[in-house]
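The values are calculated or read from the model by the stated rules, or taken from the named source; none is laboratory data. For clarity, every value in this text was computed on a predicted model and none was experimentally measured. Every residue, glycine among them, receives a Cβ derived from its backbone with ideal geometry; neighbour counts consider all protein chains shown. Remember, those area values only see protein heavy atoms, side chains included, never the ligands or the DNA or RNA. Shrake-Rupley method; radii C 1.70, N 1.55, O 1.52, S 1.80 Å.
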Amino acid sequence: MFVTMKEMLADAREKKYAIPAFDVSNYEMIKSVIEVCEEEKSPAMFMCLKADLENKGIHFLTALLQEAAKNYSVPVCVHLDHATDFNDIKQAIDAGFSSVMYDGSVLPFEKNAENTKIVVDMAHAKGVSVEAELGHVCDAIAGTGEDAMMGNADAKEENPEDSLTDPLEVEKFVDITNVDALAVAIGTAHGVYRSTPTLRLDRLDEINKISKIPLVLHGGSGTPDDQVKQAIARGITKINIFSEVLNGLNTGLKDKLNNIQNMSMWPIFVYEEANARMREVIRNKIRTFGSNGRV
Ligand SMILES: [Zn+2]
């Protein structure tokens, strides 16, 4: 049994730490996250993206995640990341996900609120939590992150002022939708940064004063630790991580494969370095976000 995001974030908000939420695409990533969470006594939040769930991928990944929950003692939440399609959300709920994100951030306010409310009604009926996005977190380099994957190829680079979350819209959005957590645009971006981001902590302060529900930061990879800690102190309770773990996985694999002659080597040896590098990233995030020792 998975726990909901709502439960996990309530504790984080009260005690002022953040849950590291890791996008996972395969067994190696899932195993690395659950093992390090267990070692660090941190709640484990897994996220899945549409591309990995297609062609029955949802059944394979859900089975692996259920085994993670069954064989380790830390609480596990399984969350659908960045869904834009009601059918994908229904499929995730039916597969047993305990949390979903509906991303209507490129839509006008009214339409985003209307669609989010539909998802909330559908999810809450099954005891599933919902995250929504207000303002829009762009791709750091256009065409390389979630925007590109979701078909927003014309989305602008960087994070222009008009994509930031408007604090004046927050209360109305939460009241209309009854959503459980809100992703905010405060200067982070998806993917790999061209230059170091500067978070709009002033904007976050304003939003946090108004918001009755926990706040989420996307584009956590590559954001400097000191800024992340300040964001947590100002109300961020969930931070999404993908690119830094992928970097560990891919550089580890590349280095290993460049240094062996035997191309029939077993995967457990081929993946050794990749797993070690992913584990290091995961552990650093857990400790930076303060989710260690919370279980
Ligand atoms: Zn995101």
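Just a few scattered comments:
- Selection count where residues are open to solvent by 10 Å² or more (accessible area, probe 1.4 Å), assigned to a helix (DSSP H, G or I), in contact (Cβ under 8 Å) with a residue 24 or more places away in the chain and under 16 Å from residue 116 (Cα atoms), scope the stretch 74-103: 4
- Test: residue 113 is outside any strand (DSSP E or B), out of contact with any strand residue (DSSP E or B) (no Cβ under 8 Å at 6 or more places or on another chain) and among the small types (Gly, Ala, Ser): yes
- Check on residue 167, more than 16 Å from the ligand (Cβ to nearest atom) and surrounded by fewer than 16 Cβ atoms within 10 Å (Cβ to Cβ): no
- Of the residues in the stretch 66-73, not one is under 19 Å from residue 288 (Cβ atoms), over 18 Å from the mean Cα position of the chain (by Cα) and in a loop (DSSP other than H, G, I, E, B).
- Listed conditions (1) open to solvent by less than 60 Å² (accessible area, probe 1.4 Å); (2) within 27 Å of residue 273 (Cα to Cα) are all met by residue 70, apart from (1).
- Answer from 49, 65 - the residue that is open to solvent by less than 80 Å² (accessible area, probe 1.4 Å) and out of contact with any Phe, Trp or Tyr (no Cβ under 6 Å at 6 or more places or on another chain): 49
- Scan of the stretch 232-277 for residues that are away from the ligand (no atom under 16 Å from the Cβ), surrounded by 15 or more Cβ atoms within 10 Å (Cβ to Cβ) and of a type in the set (Ser, Thr, Tyr), ordered by number: 271
- The stretch 200-223, residues that are surrounded by 21 or more Cβ atoms within 10 Å (Cβ to Cβ) and under 18 Å from residue 244 (Cβ atoms): 216, 217, 218, 219, 220, 221, 223
- Selection of the stretch 196-231 for residues being of a type outside the set (S, T, N, Q) and either in contact with a His (Cβ under 8 Å, 6 or more places away or on another chain) or within 16 Å of the ligand (Cβ to nearest atom) (or both) yields 197, 199, 214, 215, 216, 217, 218, 219, 220, 222, 228, 231.
- Some residue of the stretch 181-195 being surrounded by 15 or more Cβ atoms within 10 Å (Cβ to Cβ) and away from the ligand (no atom under 16 Å from the Cβ): no
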